Every structure is written in structure tokens, then in C-alpha cells.
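Q: Before I ask anything, here is the structure I am working with.
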Amino acid sequence: MTKTNIETIVNRFKSQSNPDDRYTSFDYCYNYFRPSNNITQDIEKGCLVLGFYLASWGMFRGSSFLLQKSAKHFEPTIRYIAALDKSVWEIDVDSYDENNIQTIIKIYSDIKTRLINKKNADLTLITKILLGVFGFIPAFDNFFCNSFRAISEGQCGFRSVNQKSLSFIKTFYEANKTTIDRLSDETFTTNFVAGRKTTLNYPKAKIIDMYGFTAGQ
């Protein structure tokens, strides 16, 4: 379970995180949705920030139902996020206890209900939102899931957000805690206006996301 290549692979990801690179769309989204910001003051901006972040990560391409939606489709999701208790933003992989895992699963379900109609695919889209807004879970896209299925050696399929998949992510974190903690402490978001680093650290779940996404390519 212990990996010796985490720093190398994460640094490969970070090398593509200049202010105008698509990877930095995470920073602008994560910065914007901090609980210290009153996002209800400008719902339209919240919809646009979230929408562009998702577009940067391919959530509008191909047959995605979002191609048929305007930014206003995100309004119920933005209002839901704004109403959540601020303690939600304190969750990270090092605090994945039973209560926090159930909180993540409930938020996943609540946002899915507000955002997705009919039987459209939800796993990658909703986990991208949870990562960009809260930073408490990696995004379960194809690259991440492929790499973590291999790491788990068949123990977890990573086909849904549930107790099993989140518990395995915590086990991975605990096996590589020293490296992941240090990378989190050393990695900061970029400010949109100034293009310079802020004092806001990348969460540990984002470091794991960067590793899984890059390793799975």
C-alpha cells in the first residue's frame, strides 16, 4: 500500500498548474466556495464558477446532459451548498470517521438529486463537484478509479461513493501519511486576480486525487 512515487507523480501534475492552465480551475472553484464567502450574494457568479470548473474537467463534452443546460441549472445546487454547516469544509481524509463518511455520502446524494435528472451518469460529475467545492474527496473519474482499483488489488471497484471506497482511500492515506501531509502543507491554491499563491493549502484529498488521476493515465 505504501507508494514511493507519490511526490514524483504529484509534481508532474503540479507542473501543469500555471494560472491559466485548466488544472488551476480547481483552485478558483475551491477558493470561491470557502465558507467565509457569502455565495448567496451573487448566485449567478457561483453558477458560473462551478460551471467553468466542470467544463475545464470535461463535464460538458460528448453526450453530457449539461450540454443542454444553462448556468442557471446549477442554482439549486449553489443554494444547497450555501445552506450547509461550515463544519463540512473541515472534513478531509484524515477525519474519515463513520459520521463524516455518512455526511459525504448524504451530500453526494443531495447534490445528485438537485443536479441530475432521469438516469444520467453521476459518479464523475458529482465527485468533481465535491472535490472542487469542499475538497474532501477525490474525483472518481476513469483515471483515478483505474489507478485505485489496481492499488486495491480487487478489494474495491470504485464504482460508487460508499463506505467501502471511502474507507479504502483513508487506508491509502494512512499508509502514505507523511508524504501526503507534506505535499498538502507545501501546496497552495492560486489567487484568480493576482495569479499568485494564496495561504490556502490543497486538502489531502486533492493530493490523493492528483496522484490517482496522473498515475491512472
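Readers should treat all values here as calculations from the given coordinates under stated rules, not as data from a laboratory. Because the structure is a prediction, the values reported are computed rather than measured. Cβ sites come from the backbone with ideal geometry, for glycine too, and all protein chains shown count toward neighbours.
Q: May I ask for the equivalent-ellipsoid semi-axes of region 45-130, computed as the square root of five times each C-alpha gyration tensor eigenvalue and listed largest first in whole Å?
A: 24, 14, 12
Q: Assuming R0 = 35 Å, can you tell me the calculated FRET efficiency for the pair Ser87 and Thr8, based on Cβ-Cβ distance, to the nearest 0.05?
A: Result of the calculation: an efficiency of 0.50.
Q: Under the definition of Cα pairs under 8 Å and six or more residues apart, what whole-number percent is the relative contact order of region 6-215?
A: Relative contact order, region 6-215: 28 percent.
Q: How many nm separate the modelled label positions at Ser70 and Ala55, each set 7 Å beyond the Cα in the direction of the Cβ?
A: In this crude spin-label approximation the distance works out to 1.5 nm.
Q: Just how large is the dipole of region 118-176 about the Cα centre, in debye to the nearest 20, putting +1 at every Lys and Arg Cβ and -1 at every Asp and Glu Cβ?
A: So the dipole magnitude of region 118-176 works out to roughly 260 debye.
Q: Shifting gears a bit: Mind checking region 141-217 for trypsin sites (Lys or Arg not before Pro) that DSSP puts in a loop (not H, G, I, E or B) and that have at most 15 other Cβ atoms within 10 Å?
A: When the trypsin sites (Lys or Arg not before Pro) of region 141-217 are filtered for loop state and at most 15 Cβ neighbours within 10 Å, Arg159, Arg196 remain.
Q: For region 6-215, what is the charge dipole size about the Cα centre, in debye to the nearest 20, if Lys and Arg each add +1 at the Cβ and Asp and Glu each add -1 at the Cβ? Before the final figure, lay out the partial values.
A: Working: 26 positive and 22 negative charges, 137 e Å.
Its charge dipole is roughly 660 debye.
Q: Something else: Within region 80-99, whose backbone N sits under 19 Å from a point 7 Å along Cα→Cβ of Asn37?
A: Backbone N within reach: 80-91.
Q: Continuing with the same structure: Within 15 Å, Cβ to Cβ, of Ser152, how many net charges do the neighbouring residues add up to if Lys/Arg are +1 and Asp/Glu are -1?
A: +3
Q: In nanometres, what is the gap between the two model label sites at Ser160 and Ala175, each 7 Å from Cα along Cα-to-Cβ?
A: Calculated label separation equals 2.4 nm.
Q: What's the exposure ranking of Asp20, Asp141, Asp97, going from fewest to most Cβ atoms within 10 Å?
A: Asp20, Asp97, Asp141
Q: Going through region 104-189, which GluC sites (Glu not before Pro) have at most 11 other Cβ atoms within 10 Å and a DSSP loop state?
A: Those that pass, being in a loop and sparsely packed, are Glu153.
Q: For region 6-215, with equal point scatterers placed on the C-alpha atoms only and solvent neglected, what are the log10 I(q)/I(0) values from the Debye formula at q = 0.11 1/Å, to two decimals?
A: Values, matching the q order: -0.48.
Q: Also, I was wondering about something else. List, in the order given, every pair from Lys128/Lys204; Lys3/Lys164; Lys3/Lys106 whose Cα-Cα distance in the structure shown is over 19 Å.
A: Lys3/Lys164; Lys3/Lys106, as the Cα separations exceed 19 Å there.
Q: For Asn142 and Gln217 in one chain, what is 0.36 nm times their gap in residues minus the Cα-Cα distance, to one decimal in nm?
A: Contour length minus Cα-Cα distance gives 26.1 nm.
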